[in-house]
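> Structure provided below as structure tokens; questions to follow.
The values are calculated or read from the model by the stated rules, or taken from the named source; none is laboratory data. All figures in this text were calculated on a predicted structure; none of them were measured in a lab. Ideal geometry is used to build each Cβ from the backbone, glycine not excepted, and the neighbour counts take in all protein chains shown. Note: areas computed on protein heavy atoms with side chains; ligands, DNA, RNA excluded. Shrake-Rupley method; radii C 1.70, N 1.55, O 1.52, S 1.80 Å.
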Amino acid sequence: MTEESSLSVSEAFDLLLAGNQRFVNGAQQHPNQDAARRAETAPGQRPFAVLFGCSDSRLAAEIIFDRGLGDLFVVRTAGHVVGPEVLGSIEYGVSVLECPLVVVLGHDSCGAVAATRAALTDGVAATGYVRDVIERVTPSVLAARAAGLTLDEDVVDEHIRHTTGLLLDRSRLLADRIATGQTAVVGMSYRLAIGSAHLVTAHGLPAEPTSPLTA
Ligand SMILES: [Zn+2]
């Protein structure tokens, strides 16, 4: 068994934040990346968090949270858009692997958000299945527009809130787990230049976040 095998919601969130802080400070420990961990986890995984993030190449989950093998159950799509496969993967991580934490991770300068804003402004339609990504980001951008948000970071935060809400609306399993305190679903925004992830929205965290995290 690993130290992460039966973490509470709060412990899992703190573990994730601590890893990100090490990454920001250039003080990474690169935990669980050696042959011993590989052997330890080969028989079965018990990750402590589901990380659902944008596919952006600069958002590599284990790197920016300073974790290793068996720590994070990672699901990523361009613009963290949600479809049935995403919901099924997240529910698998929560129900079968018993992850106490689900993180929706967006970031500034997100290409999917920028492309959606451009499509709505200029009427330039994307081609192929990229259009599907744009269409799924569109409700967030429209909501941000309706709220008068124009800054990139604010629009991104709105998209993170929208995505997090969508998970709870669509997944009965997630909503039930939050209600019983077994799982938290949080939305976080990552800053590409400085490497920090800050809390945007939280459902099911026992101690609701205070000022430093809700910037
Ligand atoms: Zn992105």
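> In µm²/s, what is D for the chain at 20 °C and 1.002 mPa s, where D = kT/(6 pi eta Rh) by Stokes-Einstein and Rh is the Kirkwood radius from Cα pairs?
122 µm²/s
> Right, here's the next one. Return the percentage of antiparallel bridges among DSSP beta bridges fully within the stretch 9-203, rounded to the nearest 5 %.
So the antiparallel bridges in the stretch 9-203 amount to around 25 percent.
> Please report the equivalent ellipsoid semi-axes of the stretch 108-191, computed as sqrt(5 x eigenvalue) of the Cα gyration tensor, largest first, in whole Å.
Over the Cα atoms of the stretch 108-191, the ellipsoid semi-axes are 27, 15, 11 Å.
> What do you reckon, how do Glu158, Glu98 stack up by accessible area (1.4 Å probe), largest on top?
Result of the area sort, largest leading: Glu98, Glu158.
> Take each of the peptides 65-72, 168-175, 12-19, 121-128, average the number of other beta-carbon atoms within 10 Å over its residues, and list them starting from the highest.
Descending packing order for the listed peptides: 65-72, 12-19, 168-175, 121-128.
> Any chance you could get the radius of gyration and Dmax over the Cα atoms of the stretch 1-119, in Å?
Final numbers for Rg and Dmax: 14.9, 49 Å.
> With a ≥ b ≥ c taken as the square roots of the eigenvalues of the C-alpha gyration tensor of the stretch 36-90, please select rounded if a/c is under 1.5 and otherwise prolate if a/b is larger than b/c or oblate if it is not?
Since a/c reaches 1.5 but b/c is at least a/b, the shape of the stretch 36-90 is classed as oblate.
> Oh, and also: Using modelled backbone amide H atoms (1.01 Å from N, in-plane), which distant-in-sequence or interchain residues come within less than 5 Å of Thr201's amide H?
Sorted by chain and number, the residues that satisfy this are Gly187.
> What are the residues whose amide H is under 5 Å from the amide H of Val74, where those residues sit 5 or more places off or on another chain and H is modelled from the backbone?
Here Leu51 satisfy the definition.
> Given +1 on the Cβ of Lys and Arg, -1 on the Cβ of Asp and Glu, and no further charges, what dipole in debye does the stretch 9-203 carry about its Cα centre, rounded to the nearest 20?
Roughly 140 debye for the stretch 9-203.
> Suppose only helical runs count, i.e. DSSP H with n ≥ 4. What mean residue ellipticity at 222 nm does that imply for the chain under -39500 (n - 2.57) per run, divided by all residues and rounded to the nearest 500 deg cm²/dmol?
Computed ellipticity for the chain at 222 nm equals -13000 deg cm²/dmol.
> For Glu98, what residues show an amide H to amide H distance below 5 Å, using hydrogens built from the backbone and excluding near sequence neighbours?
none
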